[in-house]
1. What pairs can you find where one residue is in the range 316-342 and small (Gly, Ala, Ser), the other is surrounded by 15 or more Cβ atoms within 10 Å (Cβ to Cβ), and their Cβ atoms are less than 7 Å apart, with a gap of 6+ or different chains?
2. Confirm whether residue 110 is modelled with pLDDT of 95 or more and assigned by TED's automatic domain parsing to the domain that holds residue 59.
3. If you scan the range 41-70, which residues turn out to be closer than 14 Å to residue 91 by Cα and assigned to a loop (DSSP other than H, G, I, E, B)?
4. Given (1) more than 19 Å from residue 192 (Cα to Cα); (2) surrounded by fewer than 19 Cβ atoms within 10 Å (Cβ to Cβ), identify the lone condition not met by residue 19.
5. Look at residue 131 and say whether it is outside the structural domain of residue 310 (by TED's automatic domain parsing), crowded, with 18+ Cβ neighbours inside 10 Å and under 21 Å from the mean Cα position of the chain (by Cα).
Amino acid sequence: MVQDAKRSHMETKRMVEKDPPLAKDDLILITGAGGFIAGNLVKYFRDKGFTRIRAVDKKPLYDWYIRVPGVENLCLDLSIEENCRRACEGAVEVYNLAADMGGMGFIERYRVECLRSILINTHMMESAYRAGARRYFFSSSACAYNVLLQQDPNVRALKESDAYPAMAERGYGWEKLISEQFCQEYWAERGLKTFIARFHNVYGPYGTWDGGREKAPAAICRKVIEAIDKNNLRITIWGDGTQTRSFMFIDDCLKGIDMIMHCDELIATPINLGSSELVSINELVSKVEAIAGVKLKREYDLNAPRGVAGRNSDNTFIKKVLNWEPSTPLDQGLRITYNWIKEQYYARKRGRRVVE
């Protein structure tokens, strides 16, 4: 009974107390840090002057996309609870971006692996709560939205309430939706301040661009570079090219994560984090062609994974709460991404080990 009373007091205290500002020497934990978004997030906070950052990923260090000097790097499989407890020790803020995921080819083929990521968030949230972390960020996805609302390329932009009635994408989307529920209940019942961002197709340098996990912008950049290098001016597009998406540049994503995590109006409240600049895959190919100064013959693989017909981010809510939205023009972000992938491609061709 005494222990229950202490726990109840701590939970009430978490809910009513205002957090002090995050100090530069407070411990920040970032999971999935060997990957694209989280790896860039480590660098983002390090560049802001935070001196104690713990970066965690299950991949061996030599496979991490970005390794930032002065950061504590741990190789841990966070689907195991004991490892989550080790990762969360002393953490003041926790950013959980660890998951088995990739582009459409990966999430349609490996649904079980995607679903198993729920173990990561379940153990991470409990471990963060037990460690006394003040704030917990969960990277959700637009794949959590009802697929019945995404059957037309001319789709209306999705607002946060469109996740229900629930009909998420199989595997990956359902894992995200269920994990969002954990975030909301840990706040309602235990007072852990949780924050939920639904990412819409993040792209940029230091991301996967080959091997099966890459997303459309990186895949198309690589295909265009390959076509030019091999003097075979053709490109294979998955689906019929009419599928529509919005794509958010990595710098916007990082700023959005920071702003969402530190906005008390957004505690346990899912919010879109994505660009509202809608383009078709055919238009995306044309943009990359323009950057490369080439025109390719297009071939369409109608049996390849293509995802939903259309998806865009309704940014009404984020503009209202944060007075901000992702705004890097796709042409600008694509040029930066294309040039980085081109460097990687030719470095690999020369025999250098590169990020893929």
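1. These pairs meet every condition: 327/252; 333/203; 333/204; 333/249.
2. On the way: modelled with pLDDT of 95 or more: no; assigned by TED's automatic domain parsing to the domain that holds residue 59: yes.
In short, no.
3. Our first condition is that a residue be closer than 14 Å to residue 91 by Cα; within the range 41-70, this holds for 50-56.
Within the range 41-70, 50, 51, 52 meet the criteria.
4. Exception for residue 19: condition (1).
5. Working: outside the structural domain of residue 310 (by TED's automatic domain parsing): yes; crowded, with 18+ Cβ neighbours inside 10 Å: yes; under 21 Å from the mean Cα position of the chain (by Cα): no.
So residue 131 does not fit the description; no.
Residue by residue, here is whether (1) in a loop (DSSP other than H, G, I, E, B); (2) aromatic (Phe, Trp, Tyr); (3) touching a Cys at 6+ places or on another chain (Cβ under 6 Å); (4) closer than 27 Å to residue 277 by Cα holds:
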{"position": "321", "(1), (2), (3), (4)": "no, no, no, yes"}
{"position": "326", "(1), (2), (3), (4)": "yes, no, no, yes"}
{"position": "331", "(1), (2), (3), (4)": "no, no, no, yes"}
{"position": "335", "(1), (2), (3), (4)": "no, no, no, yes"}
{"position": "338", "(1), (2), (3), (4)": "no, yes, yes, yes"}
{"position": "341", "(1), (2), (3), (4)": "no, no, yes, yes"}
{"position": "346", "(1), (2), (3), (4)": "no, yes, no, no"}
{"position": "351", "(1), (2), (3), (4)": "yes, no, no, no"}
{"position": "354", "(1), (2), (3), (4)": "yes, no, no, no"}
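Matching residues to (1) surrounded by fewer than 16 Cβ atoms within 10 Å (Cβ to Cβ); (2) touching a Lys or Arg at 6+ places or on another chain (Cβ under 6 Å):
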residue: 43; (1), (2): no, no
residue: 48; (1), (2): yes, no
residue: 51; (1), (2): yes, yes
residue: 62; (1), (2): yes, no
residue: 68; (1), (2): no, yes
residue: 79; (1), (2): no, no
residue: 83; (1), (2): no, no
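Matching residues to (1) farther than 29 Å from residue 240 by Cβ; (2) within 17 Å of the chain's Cα centre (by Cα); (3) buried (at least 24 other Cβ atoms within 10 Å of the Cβ):
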site	(1), (2), (3)
88	yes, no, yes
117	yes, yes, no
152	no, no, no
159	no, no, no
162	no, no, no
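The values are calculated or read from the model by the stated rules, or taken from the named source; none is laboratory data. The shown structure was predicted, so the numbers you read here are calculated from the model rather than taken from an experiment. All Cβ positions, glycine included, derive from the backbone under ideal geometry; neighbour counts span all protein chains shown.
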